[in-house]
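Asks: The following block contains the structure, expressed as structure tokens.
Where a number appears in this text, it was derived from the coordinates with a stated rule and is not lab data. Being a predicted model, the structure only gives us computed values, none of them experimental. Quick reminder, even Gly has a Cβ in these numbers, built from the backbone with ideal geometry, and neighbours come from all protein chains shown.
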Amino acid sequence: MEVLVTRIEVRIRFAPDTASSWGWPASTDTIQRLRYAWSATIEGTDGPRSFDLAVKAKDTLASTFPSLSSLVRGGTTELCQPGMMVRCFPATVSASVEDRRVVLRYRDSAEIARIFGLRPASAMIMTFTPRGSSTPTIDSAPVRYLEPALSPLASASQVEAEQARRAYDASVNRMYRYLSGASWVEEGDSTQFGIEETHCLEDVCAPYHAPRDQPRTWGTWSSSDTTVARLHRTTGKITDWRLSSDTARVMTLVALKPGRITVRASGVHDAADLEPSRIRLDSIVTGEVLVTPRVGRLAISPRPTTMRTGERRSFSVRVVDRAGRAIEGTPVELRWGSGATDGESPRTRTRRNFAQESRPAIAPVDLGFDKPGRYEIVAVLGTHADTVNVDVVDAPKR
């Protein structure tokens, strides 16, 4: 596989095709797998560009092709910009077969200069056949620059091309930096806070992990009121699954008395600062923490034992301390779903819990059930909970 580039033509040579027959069987399920595809994606000046050839089924009937050439002639070629929303451009990409290889050709000197002006060294190759894996095969191929060669970019054009590429990268990338940890803690308890970073490429987001060999500083941490809560370095095991395993970026907060504080880390810098992003990373991150007296109990109200299908009621949750005084502002949550059954296995209960709906219960929550059965309504705050079991019966027919 290789991509051959001159100033007048791009030629993409895919790996030799070793099949002895081409086509697909009839399908009773879907036509999505009934296709062939060849694609080469180049990281161009204005973002990625893909040269594509696709042969797709029009229905679920079986189809055969007498040769690779006839298969290729039945396909459609495009020049596209990949992404969450694929954009394709008016362009003439031709397809042929040479020495059992699918070959794509493209001739547009101005566009070739734009795509390959920064001299990308490789291309991502994607192929798919209906008789292979259910996922495309991904590989890479070198880009070779041949005579007549692309004209070198003038210094001003080089600067403009690099700026255009950075602008594209920034348009599809977002970096976030924030404090992660509990927003509520009971006096006398402790919790962990960590600096976390997330990278989003278009709408796909994942935790960002800066290379450990790059300079970094996790800043200076402070509590806005050290009589309410104080901070110290985390030296033991990190117990919150949401936090990084790097203890250098995690602090432990010890709650001393009821109140509300701001946790602040200032002067935070790492390799994420250099990543392209349309959102500028701040070197200061903050988080609000509510410290309350020890919780005595949660109480759901009302507490019906039966409801009718289609009936709706407003449920609220009261949080009180051990002296019976109301505690306001806690992040209590209300969950509801199918209730437990006799002899329920742990796996079944886990699946049922995942299927439950939930909503913050700072304000009353309006609930109703459309099907008869046993349901449970559960209020949850940390390790505290309250449950109401409701039997839902069919509403009388009118």
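Asks: Would you mind calculating the relative contact order of the chain from Cα pairs under 8 angstrom and at least 6 residues apart, reporting the percent as a whole number?
Replies: 12
Asks: Which residue fluctuates the most in the chain, going by a Gaussian network model with Cα springs under 10 Å, if the choices are Ala248, Ala363, Ala170?
Replies: Fluctuation is largest for Ala363.
Asks: Distance between Cα centroids, the range 162-232 to the range 1-27: provide it in whole Å.
Replies: The two parts, judged by their Cα centres, are 45 Å apart.
Asks: Related question: Quick one: angle between helix 155-172 and the longest Cα principal axis of the chain, in degrees between 0 and 90, rounded to 10, please.
Replies: That works out to roughly 40 degrees.
Asks: Can you tell which of Phe89, Ser20, Ile8 lies farthest toward the positive end of the dipole of the range 2-152, using +1 and -1 charges on the Cβ of basic and acidic side chains (Lys, Arg; Asp, Glu)?
Replies: Selected residue: Ser20.
Asks: Related question: May I ask you to give the average projected area over all directions of the convex hull of the Cα atoms of the range 260-327, in nm² rounded to one decimal?
Replies: Averaged projected hull area, Cα only: 9.7 nm².
Asks: Also, I was wondering about something else. Measure nothing but the geometry: give the 0 to 90° angle between the long axis through the Cα atoms of 346-355 and the longest principal axis through the Cα atoms of the chain, rounded to 10°.
Replies: Between the helix axis and the principal axis of the chain, the angle is about 80 degrees.
Asks: Specify, per residue and in Å³, the volume enclosed by the convex hull of the alpha carbon atoms belonging to the chain.
Replies: 244
Asks: With the calculation restricted to Cα positions, what are the radius of gyration and Dmax of the range 116-161 in angstrom?
Replies: Both quantities, over Cα of the range 116-161: 16.4, 50 Å.
Asks: Anyone know which of Met124, Met85, Met251 comes out most mobile in the 10 Å Cα GNM of the chain?
Replies: Of the options given, Met85 has the highest mean-square fluctuation.
Asks: What FRET efficiency would be calculated for the residue pair Ser69, His269, taking the C-beta separation as r and a Förster radius of 56 Å, to the nearest 0.05?
Replies: Rounded to the nearest 0.05, the efficiency is 0.45.
Asks: Of Arg177, Arg312, Arg216, which is the most mobile in a GNM of the chain whose springs link Cα atoms less than 10 angstrom apart?
Replies: Arg312
Asks: May I ask what percent, to the nearest 5, of DSSP beta bridges between residues of the chain are antiparallel?
Replies: 95
Asks: Would you please classify the overall shape of the range 2-152 from the alpha carbon gyration tensor, given that a ≥ b ≥ c denote the square roots of the eigenvalues, rounded means a/c under 1.5, and beyond that prolate means a/b larger than b/c while oblate covers the rest?
Replies: Since a/c reaches 1.5 and a/b is larger than b/c, the shape of the range 2-152 is classed as prolate.
Asks: Report the normalised scattering of the range 175-292 as log10 I(q)/I(0) at q = 0.19, 0.23 Å⁻¹, calculated by the Debye formula with identical scatterers on the alpha carbons.
Replies: -0.99, -1.31
Asks: Then there is this: Please state the relative contact order of the range 117-187 as a whole percent: Cα pairs under 8 Å, 6+ residues apart?
Replies: Taking the mean separation of contacting Cα pairs over the length of the range 117-187, I get 28 percent.
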